[in-house]
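Beneath this line is the structure, given in structure tokens, with notes to follow.
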Amino acid sequence: MFNFRKIALAVGVAAAGLSLHATAADVTGAGSSFVYPVLSKWSATFAEKTGNHVNYQSIGSGGGIAQIKADTVDFGASDKPLDAEELAKFGLGQFPSVIGGIVPAYNIDGVDSGKLVLDGKVLAGIFLGSITHWNDAAIARLNPGVKLPDAKITVVHRSDGSGTSFNFTNYLSKVSPEWKTKVGEGTAVRWPAGIGGKGNEGVAAYVKQVKNSIGYVEYAYALKNNIGYALMDNAAGKTVKPGNASFQAAAATADWAHAQDFNLIMTNAPGADAWPITATTWVIMVKQPKNAANSKVVLDFFKWSLENGQAQAQELDYVALPAALVKQIEAYWQAQFKH
Amino acid sequence: MPTAIAIETICRRNAADALHDKLFRGVLRVCALLVLAALLGAALSTLWGGREVLFGDGWHFLTSAQWNPVENRYGAWAPIYGTLVTSCIAILIAVPLSFGIALFLTEIAPLWLRTPVATAIELLAAIPSIIYGMWGLFVFVPFMANHIDPLLDSSLGRLPLVGALFRGPPLGLGLLTAGIVLAIMIVPFISSVMREVFQTVPARLKESAYALGSTTWEVVWDIILPYTRQAVIGGIFLGLGRALGETMAVTFVLGNAYDFSTSLLMPGTSISSSIANEFNEAVGLHRSALIALGFLLFVVTFVVLLIARWMLRSLKRKEGNA
């Protein structure tokens, strides 16, 4: 027979254990997979320092937005900002957390990594399917002295909905009117050409497998997978190399001061050294939280991360926000969030 | 006195047995109803979840090949086409192959070899589909790109009419690759069903045929196959059902593009891989469209299984007559 007394005792002990745990503040967040690696690293160190645990579920930006709207998590994270109207409707506030770069990755025999230069117009032409061969005059013009093969270009894009695609298509929409009218921007779009890989790793794998292909991946994936990445001509007309410096230059020159609720996509930033396809992930929180104590822990966590987490972010090939932006975010917290 | 006690005990036992029986029947009924409830629940909830797209846009969803999340216009024709074409290729390859395997194991192989090979085939069925997907992407795709695709493009691709099916750049990914990987995945299912039914052919019939001077092929074609035809078809449909719903392996090697191309060497998409790819980030009408795709797959698979059921039943009737 069941021993009910024993079971009751066990349940009691378990419940006591749970409530004990809750007093050490266990906060949860959900959303973008883009920030998952750096958030989990930050939260491990934060837990060591303060004993507070930040659990993050990387379920995708769409899921993160849905969960914070339903107020089932303490913070959401999205690769795409919410507009003022939507924030107001659900009583939410948002701020950027960390920067990453997206690079065109290619696989052409005889053209090593960093030897190919592209600009926005040409990149849009390739992804529209109107530039079909590597030796096209438009590409050759940007790459004097590089021997480009007479081979058909295979375009690789993301098959899943993703913030990486959102930032990439946002950039193409900014630099190419044709892209804007024919395709537009979004986490998933109707791709005019090419094949789709699932996730950054899927695109990286396809680019490695298929000769004469070009795709776009987060910078870290291009490094990790040893794929060639292209240099880009930016909005100021200068050829830039992807990396910490150019990503940070993009964040620094973007016009954050005039962006309400940090609603600003950093692509095609104006700075002379800015990498043109730079992205961030927004953390979204409720302004008047049910559980103010948890909300406070989340803000403490991000305060600590933004001020002290730069080195850890850099290890994972992310770039920390520039100091001026961090100051602006902290002022936003004071003004907007009850804690 | 003792007999009275015995009778009383028996009566009590009978009453207890009847109660047990009743309970047991009740439990069984609940089990069966649970399956039915799950089935209905799945069908109705996908129908409900996809209603905005299924009924909101007329026949557009079924007839259009345009899948545009930016403009929120969805047509399911590309995934449906991809699903049907890859499954067809899989069946075209897997059926003759399975037939050969099953015949070899029941008719030709030496006795000591039959059990190990049959077990090995059944073990193939236990490999998770993601493993087939990874093998497909890292081993089979480069092989297709370097050897098979250029060969097809330069030989069959030059033919009139049929040529359109085999023209294209050597990507390695695409409908044909997905079909072949699917074929490898369903061979174990079809061949083990075939092997089982081939074993049910009475030795009497085969021996009579051999005694009349038939070759092995004649015995197979005129005796074994007619005797087991229905069950063989049932087995093929089971394999087809699996091919239609396969997700991960297909996602890896299909290319995931909503393009509509006549060439089998070009990338495509399938119902299940579209759902797996996009569901995470889909909101609103996009999500509704993906759920509606799920409902379509449900309908297709359901019809296939119904046909298999019906064929198996008619086989049973035939056996009863024999």
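Read the figures in this text as sums done on the coordinates, not as results from a lab. Please read all numbers here as calculations on a predicted model, not as lab measurements. No Cβ is skipped: glycine too gets one built from the backbone with ideal geometry, and neighbour counts run over all protein chains shown.
Could you compute how fast chain B diffuses translationally, taking Rh as the Kirkwood radius over C-alpha pairs and applying Stokes-Einstein at 20 °C with viscosity 1.002 mPa s? Give it in µm² per second.
Values: Rh = 23.1 Å.
Rounded, D is 93 µm²/s.
When the Kirkwood radius is taken over all Cα pairs of the protein assembly as shown, what Stokes-Einstein diffusion coefficient follows at 4 °C and 1.567 mPa s, in µm²/s? List each step's numbers first, then the result.
Values: Rh = 28.8 Å.
In µm²/s, the coefficient rounds to 45.
Can you tell me the convex hull volume per residue for segment B:54-200, based on C-alpha atoms, in Å³ to the nearest whole number?
Per-residue hull volume (Cα only) is 188 Å³.
Consider all pairwise Cα distances in segment B:1-93 and report the whole-number % of them above 21 Å.
Everything past 21 Å amounts to 66 percent.
Go ahead and set up a Gaussian network model of chain B, Cα springs under 10 Å, then flag whichever of B:61, B:24, B:279 fluctuates most.
B:24
If contacts are Cα pairs under 8 angstrom and at least 6 residues apart, what is the relative contact order of segment A:260-325 in percent?
Values: 25 pairs, mean separation 9.9, N = 66.
Relative contact order, segment A:260-325: 15 percent.
Using a Gaussian network model of chain B whose springs link C-alpha atoms within less than 10 Å, name the residue from B:303, B:197, B:187 with the highest mean-square fluctuation.
Per the Cα network of chain B with a 10 Å cutoff, B:303 tops the list.
Over segment A:222-339, how many percent of alpha carbon pairs lie in each 5 Å bin up to the one with the longest distance?
Per 5 Å bin, starting at zero, the Cα-Cα P(r) for segment A:222-339 comes out as 2, 10, 18, 20, 18, 14, 9, 5, 3, 1 percent.
Given the DSSP H assignment, sum -39500 (n - 2.57) over each helix run of at least 4 residues in chain B and divide by its residue total; what's the result at 222 nm in deg cm²/dmol, nearest 500?
That calculation yields -23000 deg cm²/dmol at 222 nm.
With a cut-off of 8 Å between alpha carbons and a minimum separation of six or more residues, what is the relative contact order of segment B:60-138 in percent?
Result for segment B:60-138 is 14 percent.
Got a sec? How would B:242, B:13 order by Cβ neighbour count within 10 Å, fewest to most?
Exposure proxy ranking, most exposed first: B:13, B:242.
Please state the Cα pair-distance histogram of segment B:2-49 with 10 angstrom bins from zero: what percent is in each bin?
23, 23, 19, 15, 11, 7, 2
Neighbouring Cβ atoms within 10 Å as the yardstick, rank A:301, B:140, B:252 fewest first.
B:140, A:301, B:252
Convert each backbone phi in segment B:293-310 into a coupling constant with the Karplus relation 6.51 cos²θ - 1.76 cosθ + 1.60 (shift: θ = phi - 60°), then list the ³J(HN,Hα) values in order as whole Hz, x for Gly and Pro.
Result, rounded to whole Hz: 4, x, 5, 4, 4, 4, 4, 4, 5, 4, 4, 4, 5, 4, 5, 4, 3, 4.
How big is chain A in terms of Cα radius of gyration and Dmax, in angstroms?
22.3, 84
Applying 1/(1 + (r/R0)^6) with R0 = 41 Å to the Cβ-Cβ distance of residue A:292 and residue B:88, what FRET efficiency is obtained, to the nearest 0.05?
After rounding to 0.05, the efficiency reads 0.10.
Taking the Cβ-Cβ separation of residue B:154 and residue A:138 as r and a Förster radius of 22 Å, what is the calculated FRET efficiency to the nearest 0.05? Intermediate results must be reported in sequence, preceding the final value.
On the way: r = 30 Å, r/R0 = 1.36.
My answer for the efficiency is 0.15.
Under a plain spin-label model, where a point goes 7 Å from the Cα along Cα-to-Cβ, how far apart in nm are residue B:66 and residue B:12?
About 8.0 nm, to one decimal.
Suppose R0 equals 25 Å; then what is the FRET efficiency for residue A:236 and residue A:152 from their Cβ-Cβ distance, rounded to the nearest 0.05?
Efficiency computed from Cβ-Cβ geometry: 0.15.
So, in nm, how far is label residue B:39 from label residue B:22 when the simple model puts each one 7 Å beyond its Cα toward the Cβ?
Placing both labels 7 Å beyond Cα along the Cβ direction yields 2.9 nm.
For chain B, modelled as a Gaussian network with Cα springs under 10 Å, which listed residue fluctuates most, B:23, B:244, B:156?
Comparing B:23, B:244, B:156 in the GNM, the peak value goes to B:23.
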